[in-house]
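The values are calculated or read from the model by the stated rules, or taken from the named source; none is laboratory data. These figures come from a predicted structure and were not determined experimentally. Every residue, glycine as well, gets a Cβ built from its backbone with ideal geometry; the counts of neighbours run over all protein chains shown. Surface areas here come from the heavy atoms of the whole protein model, side chains and all, with no ligands, DNA or RNA. Shrake-Rupley method; radii C 1.70, N 1.55, O 1.52, S 1.80 Å.
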Amino acid sequence: MLGDRNSITASDQGRTFQAFFDFLLSPDRQAEFVDLLDRVQRLDAIGEPDRRLLHVHHSWLEAGERAQATVRLLSEQLRRFLDDQVWLENRRVMDILREIETTAVALRDVVDPDVTCWIDGTAPVVVLPMERPLYSPIDKVPLDSDDIVEADDELDPTALFDQVFIDEEALCRKVRAELSRSRQVGLVEVVGRYPLEQGLAELIAYLSLEDPAFHVVFDESTHEHVEWLDGAEIARRARIPRVTYTRSDTNPEVS
């Protein structure tokens, strides 16, 4: 943070601008500059002269005045900021002094005050340079690709990009529909009414459902079996803990 205006004028940019501004304020230098501009304008290579260049130093002078006004405004703002900082620091010092005075007044009647203090340690911790471990380079694991063979051209790579999306909101609607007829329903009953169409992924989605209309209760002491047919029409079976969906009393949606 800049302490005063000298921090601005003492910089390289500030000294350069001040030298240029002093040049504009010097009558002798202005006369020399105007004479040089007039001589340049009369050169044959220039062609048609631009008479506005003879008064360009006046425009520079006006721009310099605006720059000086900007610097003065910045200095005033910095001064106000520093004054506020000094006031806050002085206030903090006064608060500490008043706290000390209050503590001293409170302890003036204590004959033998219990004065204690805390220290980080009774002895310095010395770590010698040679006790520090040296740099250990990281072992680079070599890659052996000699056993890699080219894949068969007939291999279909589309299986790598197949993704299964489970619409959990649709599953929640099925559970809410079942809970509209009773206060609780088991996962086996839901699957029995709405068979699994996406196999194990859909079953896992049932186990992780979250909805304000119901709660999911797991009974680890009892296990049930859920069956479905995969894409190849092969029967699959999963053994899972008993899962029960109970209606939430705070949500009347399924009532």
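Which shape class applies to the range 89-135: rounded if a/c is under 1.5, otherwise prolate when a/b exceeds b/c and oblate if not, where a ≥ b ≥ c are the square roots of the Cα gyration tensor eigenvalues?
Values: a/c = 8.53, a/b = 2.17, b/c = 3.92.
Oblate is the answer for the range 89-135, as a/c is 1.5 or above yet b/c matches or exceeds a/b.
Qualifying trypsin sites (Lys or Arg not before Pro) in the range 4-104, where qualification requires a DSSP coil assignment and no more than 13 other C-beta atoms within 10 Å, comprise R42. Straightening the chain between T116 and I240 buys 38.3 nm, computed as 0.36 nm per residue apart minus the Cα-Cα spacing.
Based on protein heavy atoms only, the chain ends up with 82 Å² per residue of surface accessible to a 1.4 Å probe.
Overall shape: oblate for the range 102-214, with the ratio a/c of the largest to smallest alpha carbon gyration tensor axis at 1.5 or above and b/c at least equal to a/b.
Report the longest stretch of the chain that contains none of the GluC sites (Glu not before Pro) sitting in a DSSP loop with at most 16 other Cβ atoms within 10 Å. Display every interim value, and only then the final one.
Numbers: sites that count: E150, E154, E197, E210, E233.
In the chain, the maximal stretch lacking such sites is 1-149.
Here the accessible area is traced with a 1.4 Å probe on the protein chains. For the chain, carbon and sulfur cover 56 percent of it. Our helix-only sum for the chain, with -39,500 (n - 2.57) per DSSP H run of n ≥ 4 divided by its residues, gives a mean residue ellipticity at 222 nm of -14500 deg cm²/dmol. Would you please classify the overall shape of the chain from the alpha carbon gyration tensor, given that a ≥ b ≥ c denote the square roots of the eigenvalues, rounded means a/c under 1.5, and beyond that prolate means a/b larger than b/c while oblate covers the rest? Prolate shape, in that a/c is at least 1.5 and a/b is the bigger ratio.
What does the extension gain come out to for I148 and A10, with contour length at 0.36 nm per residue minus their alpha carbon separation? Walk me through the intermediate numbers first.
On the way: separation 138, 0.36 × 138 = 49.68 nm, distance 6.86 nm.
Gain on stretching I148 to A10: 42.8 nm.
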